[in-house]
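Report on the structure given below.
The values are calculated or read from the model by the stated rules, or taken from the named source; none is laboratory data. Everything numeric in this text was worked out from a predicted model, so none of it was measured. Cβ: placed from backbone, ideal geometry, glycine included. Neighbour counts: every protein chain shown.
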C-alpha cells in the first residue's frame, strides 16, 4: 500500500542533533496518522507515495521542525502558585492560576526549567526549538486508517516521541 492521506504508517527512527548526538530512538515500530497532526510536514513530504521498507534521511532545519527559539516565551512566576512538588521537566498547559504575566500566551505548553525558593522559570518553547535535526527513519508498515483515526486526525497519544507537534490534554503533563 502506498502512503497517502489518510493512512497509518508504522515507523522506526533515530533522531539526532546536527552534531550527531542522539535525541530519540524508536527501535520498535510506532504508528502515526499520515495526513493529520502526528508528523511534521517535512516528514510527511518525505513519506508521501512511498511504501513499507522505504528508508529516508532528513536534515530538518528549525523552521521545518519546531521553530526558532523565542526568548519571549520564557517567564518567571512566584513559587507560591505552584504545587509543593514542582520540579524541572514538569509541564503545564498555559500558565498556572495566579500568574503575574497575563500577556503570555495561554495556548502553549510551558516546561519548568528551574525552581528557586522564590520563583519558578517557565519556558513555552518546544524542547527542540532552535535545533537542526537529523532524522533517519524506516517505514515498517502502512495500513488504512480507521474511521475513528480519520475523525481524530491522529492515531492517539504518540507522547513518547518528539515528532508530534505538541503534547495534548489539559493540565500538568
Return the pair list, or none, for Cβ contacts closer than 6 Å from residues in segment 128-150 that are more than 23 Å from residue 49 (Cβ to Cβ) to residues that are in a loop (DSSP other than H, G, I, E, B), at least 6 apart or on different chains. 128/66; 129/66; 129/67; 129/69; 130/68; 130/69; 132/18; 132/61
Test set (1) over 24 Å from residue 86 (Cα atoms); (2) crowded, with 17+ Cβ neighbours inside 10 Å; (3) in contact with a strand residue (DSSP E or B) (Cβ under 6 Å, 6 or more places away or on another chain) - residue 122 fails condition number: (1)
Here are the criteria: (1) surrounded by fewer than 12 Cβ atoms within 10 Å (Cβ to Cβ); (2) more than 20 Å from residue 131 (Cβ to Cβ). Tell me which single one residue 89 does not satisfy. (2)
Tally the residues that are free of Cβ contacts under 8 Å to residues at least 40 places away in the same chain and under 21 Å from residue 126 (Cα atoms), restricting the search to segment 1-58. 7
Could you tell me which of the residues 46, 52 is part of a loop (DSSP other than H, G, I, E, B) and either in contact with a strand residue (DSSP E or B) (Cβ under 6 Å, 6 or more places away or on another chain) or not assigned by TED's automatic domain parsing to the domain that holds residue 95 (or both)? 52
Meets criteria (closer than 18 Å to residue 39 by Cβ and in contact with a strand residue (DSSP E or B) (Cβ under 9 Å, 6 or more places away or on another chain)) for residue 101: no
